[in-house]
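Written below as structure tokens is the structure these notes are about.
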Amino acid sequence: MKKVNQCLILAAGNGTRIRTISGGLPKPLVDFRGKPIIEHIVRRAHWAGIERFVIVVGYRSDLMRNWFEGRSLGVSVTFVENPDYHKANGVSALKARNAINENFLMLMADHLFDPQTAEALIRQQLESDEVILAVDPNIDRIFDLDDATKVLRNGDRIVDIGKEIAHYDVLDTGMFLCSPALFDRLELANKGGNCSLSDGMRQLIAEGRLRALEIGEGRWQDLDTPEALAHAEAVFDPYLHHQPSYESVAGV
């Protein structure tokens, strides 16, 4: 099995829900424990074994590009511009289609995670035309359940996904191991020039090609509001202080 060493990060949105503390910055540049959120995302993925990043930018993309310029994070970064960043996140993923031609890790620029979870995900055996979604079975510990994307499984196969579904047993962590076939499914879901990742996932569900991987006790947090950011400060601080390997490799 060829090692997965490429990652797509969706970082184009304008972050309206966190604007009270962002000062107009793109959400990935908002500070978390002394560093921009995007730096934590890249370093954690690098810790897991990722060396090449494709980052889709949109809102104030010049600030994103300028931040990376001159910084050495030990990885290669390719930027893809999404001028339609006001649309759903599936549009951002589609913009990266020509930059990716092999299996890849897909992350959200505002979803913090344990690097060990990403490492476990990229080690999975991925079948052709398949996507694996990392899911959290610990529903009772979620900070903002109303905003979370819910997932229903039958065995290890996902049979429904969405924020409003009535029946679910795990939550979407925003971490995916993807084959390039994802882009085909997003194209099929694209209606009037707009589609969400969940729309693409439903195409895969119809084919029985969306699989779930439980993250166990792994931590993750969507940092889309000031309250969620504060919650992550409390959740992740103790964890990182007990991970010297992460400190030494990732420099955080």
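The values are calculated or read from the model by the stated rules, or taken from the named source; none is laboratory data. It should be emphasised that the depicted structure is a prediction, and the values quoted were computed from it without experimental measurement. Every residue, glycine as well, gets a Cβ built from its backbone with ideal geometry; the counts of neighbours run over all protein chains shown. Protein only, heavy atoms only, side chains kept; ligands, DNA and RNA dropped before computing areas. Shrake-Rupley method; radii C 1.70, N 1.55, O 1.52, S 1.80 Å.
Inspection of segment 207-215 finds a residue satisfying the criterion of being more than 30 Å from residue 235 (Cβ to Cβ) and charged (D, E, K, R). Of note, residue 117 satisfies the criterion of being more than 16 Å from residue 59 (Cβ to Cβ), crowded, with 16+ Cβ neighbours inside 10 Å and of a type in the set (Ser, Thr, Tyr). Just for segment 65-111: of the residues that are of a type in the set (Phe, Trp, Tyr) and farther than 23 Å from residue 179 by Cα, which one is surrounded by the most Cβ atoms within 10 Å (Cβ to Cβ)? Once the filter is applied, the top-ranked residue is 85. When residue 51 is tested against the conditions (1) open to solvent by 40 Å² or more (accessible area, probe 1.4 Å); (2) in contact with a helix residue (DSSP H, G or I) (Cβ under 7 Å, 6 or more places away or on another chain), the lone failure is (2). For segment 120-144, filtered to residues that are over 11 Å from residue 175 (Cα atoms) and among the β-branched types (Val, Ile, Thr), the residue that is surrounded by the fewest Cβ atoms within 10 Å (Cβ to Cβ) is 139.
If only residues of segment 177-199 that are outside any strand (DSSP E or B) and of a type in the set (A, V, I, L, M, F, W, C) are counted, the one that is surrounded by the most Cβ atoms within 10 Å (Cβ to Cβ) is 182.
Reported count of residues in segment 62-91, each being under 22 Å from residue 189 (Cβ atoms) and in contact with a Phe, Trp or Tyr (Cβ under 7 Å, 6 or more places away or on another chain), is 1. Only one of the numbered conditions (1) over 19 Å from the mean Cα position of the chain (by Cα); (2) surrounded by 15 or more Cβ atoms within 10 Å (Cβ to Cβ) is violated by residue 202, and that is (1).
Every condition in (1) more than 25 Å from residue 17 (Cα to Cα); (2) β-branched (Val, Ile, Thr); (3) not in a loop (DSSP other than H, G, I, E, B) holds for residue 91 except the one numbered (1).
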